[in-house]
Amino acid sequence: MEYILIVISAIFVNNVVLSQFLGICPFLGVSKKVSTAAGMGAAVTFVLTLATIVTYLVQKCILEPFDLKYLQTIAFILIIAALVQMVEIILKKVSPSLYQALGVFLPLITTNCCILGVAIMVGDGTYSTFGIEPGLLSGVVYAIATAIGFALALVIFAGVREHLELMDVPEGMKGMPIALIVAGIMALAFIGFSGLV
């Protein structure tokens, strides 16, 4: 039951983009087309899951035993950068069209504060508020649910932005101003889920 609470909380109640405001750069930058947003969501899910596992193991097996916790941020950024390079190589071979569509935003996953923030929260054990003991399994469940929440928000936002292109929006509101208003309305809508958990 605790894992279900973690999943619901990470996807809806404490959505990493709409509640914690992590990962705003790709949220605003890659959300013009649903297909690109879905690809970015999949890439973030893959990188976030792998990064959480690797950074948790590095935290518990190297940084904490050798009293090197002050190197946490640098170590995690290097690990995430290496994983993003791996995803970039795989995408270039498997799906060149998605690789081209993501363009400059794929390397930006390296500095995506969503991935780094989740890795730090899982490493420190500060993500669990449901009485479950923080550990690798619950951390991975939290990471996957957070990535799904990120992808869900990104795809919904991209769908709304695609429809806004067809609407008669006042000239001064076209582009980013109306997108920011929609993001604010989405954040308010996701606050409505706070009674679930």
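Tell me whether the stretch 92-112 contains one or more residues that are over 15 Å from N14 (Cβ atoms), under 15 Å from the mean Cα position of the chain (by Cα), open to solvent by 30 Å² or more (accessible area, probe 1.4 Å) and at pLDDT 90 or above. Within the stretch 92-112, none of the residues are over 15 Å from N14 (Cβ atoms), under 15 Å from the mean Cα position of the chain (by Cα), open to solvent by 30 Å² or more (accessible area, probe 1.4 Å) and at pLDDT 90 or above.
For Y3, the conditions (1) surrounded by 16 or more Cβ atoms within 10 Å (Cβ to Cβ); (2) within 30 Å of G195 (Cβ to Cβ); (3) among the aromatic types (F, W, Y) are fulfilled apart from (1).
Keeping to the stretch 64-81, report how many residues are open to solvent by less than 60 Å² (accessible area, probe 1.4 Å) and over 17 Å from the mean Cα position of the chain (by Cα).
So the count comes out to 3.
Residues of the stretch 39-51 that are out of contact with any Ser or Thr (no Cβ under 7 Å at 6 or more places or on another chain), in contact (Cβ under 8 Å) with a residue 40 or more places away in the chain and buried (at least 17 other Cβ atoms within 10 Å of the Cβ): G39, M40, G41, A43, V44, T45, F46, V47, T49, A51.
The values are calculated or read from the model by the stated rules, or taken from the named source; none is laboratory data. All values derive from a computational prediction rather than experimental measurement. Ideal geometry is used to build each Cβ from the backbone, glycine not excepted, and the neighbour counts take in all protein chains shown. In case anyone asks, the SASA skips ligands and DNA or RNA and just uses the protein heavy atoms, side chains included. Shrake-Rupley method; radii C 1.70, N 1.55, O 1.52, S 1.80 Å.
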